[in-house]
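A.B. asks: Structure incoming, see below.
Read-outs throughout are calculated quantities, based only on the coordinates presented, and are distinct from any laboratory measurement. Please read all numbers here as calculations on a predicted model, not as lab measurements. Methodologically, a virtual Cβ is constructed for each residue, glycine included, from the backbone with ideal geometry; neighbour enumeration extends over all protein chains shown.
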Amino acid sequence: MYATPERPTAMKRTASMLTPSATANYVKRLRTAGGALSRSQSIDILPSATTSRSATPAPAAPAFYGNPSEAPRLLAGPDEAGLALIRQSLEEAKPRGHAVIKRSASFYSASECSIDDPFPTYKPPADHWDSKPPVVSEASASKFLVPTGVAFDYTPPSAHSHGDPIPLTCTSADIVLFPRKNRIYGKNLSTSEAPSQLAKIPEKFGGLTLLAAATADHPHLFAAATAKNQIYIYDVNKPNDALLWFSAGAEVGAMAWSRTVLTVGDAKGRIRHYDTRITPATRMKEQARKLMRHQAKVTALGYHRLGNKLASGDAAGNVFVWDIRNQLIAPMDVGEFVQRRKKIQHDAPISAISWSPWDSQTFCTGDTAGIIRRWDVTDNTPRKSNVCFPRITDHKRRVDKIIYSPDHCRETLSVHTGPALDGALETRRHEAPSVERVDASNRDVGPWNAPPDRPDTSNAVVVHTGALRKYLGTVPVSATPLGACALASMGRKIVFAVPDTGKIEVWTCWGKQRAEPRRTLSMMLR
């Protein structure tokens, strides 16, 4: 009677039953093909009958792949079909509905995210940039933002209401433009001369409401808007002589320059581009391009430094981005997903828009509730959001202006105003938190982005690193609400209008860039 061979017991399903050396190579291939395996996805390797080095290695045993419901597939070892099945099972085991963030050398942007869910929940890793102390530049505004002691008088216009911003701007020729009743005065900050009158607005057209200086291509041009919808264009070298003037047709809410083109947004949500090279003014109005998408008063305008993009904000909190090179009247499809549509939406009226001079495709928007958000328009694909991290920076007070520093410092200032505060200003000056105060257990919150002891930002300037990632300090300017501010002297000075005192104060802003020592031949030989 022949002995019946012993039937083997049910073989445990494994990814491989190979010799020890072949097993190690196979696992390495799986890790390379399918990514790092978690404990629940680890490969179970059955020990071979002969595992000692002295024993003769056993031949490769077959491996089974596939689901239990399927007929087992017999393979003579690992092949591409087996790797494909393992890779598929690993992909199905991956958690879904979260954003995979890729590290960028300059900033974290939503265009760098691979998002399956249009509303992902992002949790920063342990080594997130918020957990690291900021690198403070030697020319930082947190050190150099102090008053110079220079101040001059101004008078609010006749049509000015309490709480409205004061018309204030500065040309690239370092001339501060400010009102005294219905007259426009200029003060050259590079000299010690007294302010001089540059223009006078006729009283029949109402008081002065807005001032806007042209870009560096035309440093002597500026525009003035009145309460009765009149717009004047002046040259500082020709005092009291308007180059041209015309009617806007509705209350002017914001003005911005791009070389010789003056862009005006009005109370009816219309945006018009006036080319000031066209004369007379009637022809300029006829040939002006008109954009319509806002349903509320246009309150803020901001041009890209190259002049090819324009961002506009209104009193309803909506922001649109326009490609000036495109002749279509529809705005760009940018923003974050709101009901499966991309929008840039704030909960309060937009009060400030500013484009970054370093990341040429990013800009910031601020509103009257103190919220600042940063956007990236590099990727215009429909599935990706354009919001940048941090998503929201909340300062609790109205954002009057967002200012970017020169390239050598890379900081961002936000100027805020609010109710009058009690107490001496010296006691409210706040520096960045020290490293000893950082709570290591709270790294996900980001102590440098939102320190717990941040002071009130009323009538103060908040200093951040270039991409708004880290908080550097708060510098109070006045105990009473600020009227307006403007950057001057190529970023080295900033001027503030304080309505209660009737003064325009000049402050230093960023320090000068340290000149590199000249290398001589003797120094090089050393």
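A.B. asks: Near the amide H of LYS309, under 5 Å away, which other amide H atoms are found, from residues 5 or more places off or on another chain, if H is placed in the peptide plane?
C.D. replies: HIS304, ILE324
A.B. asks: Rounded to whole Å and sorted largest first, what semi-axes of the equivalent ellipsoid does the C-alpha gyration tensor of region 182-237 yield via the square root of 5 times each eigenvalue? List each step's numbers first, then the result.
C.D. replies: Working: eigenvalues 91, 42, 12 Å².
Square roots of five times the eigenvalues give 21, 14, 8 Å.
A.B. asks: Here is a follow-up. So, R0 is 41 Å and r is the distance between the beta-carbons of LYS200 and GLU138; what FRET efficiency does that work out to, to 0.05?
C.D. replies: Working: r = 45 Å, r/R0 = 1.10.
Working from the Cβ atoms, E equals 0.35.
A.B. asks: Quick one: of LYS187/LYS401; LYS143/LYS268; LYS200/LYS512; LYS343/LYS470, which pairs are farther than 32 Å apart, Cα to Cα?
C.D. replies: On the way: LYS187/LYS401 21 Å; LYS143/LYS268 43 Å; LYS200/LYS512 37 Å; LYS343/LYS470 26 Å.
Exceeds cut-off: LYS143/LYS268; LYS200/LYS512.
A.B. asks: Same structure again: How big is D, in µm² s⁻¹, for region 204-275 by Stokes-Einstein at 20 °C and 1.002 mPa s if Rh is the Kirkwood radius over C-alpha pairs? Intermediate results must be reported in sequence, preceding the final value.
C.D. replies: Values: Rh = 12.2 Å.
So the translational diffusion coefficient is about 175 µm²/s.
A.B. asks: Please label the shape of region 155-292 as rounded, prolate or oblate, based on the square roots a ≥ b ≥ c of the eigenvalues of the alpha-carbon gyration tensor (a/c under 1.5 means rounded; beyond that, a/b larger than b/c means prolate, else oblate).
C.D. replies: Details: a/c = 1.75, a/b = 1.27, b/c = 1.37.
It is oblate, given that a/c is not under 1.5 and a/b is not larger than b/c.
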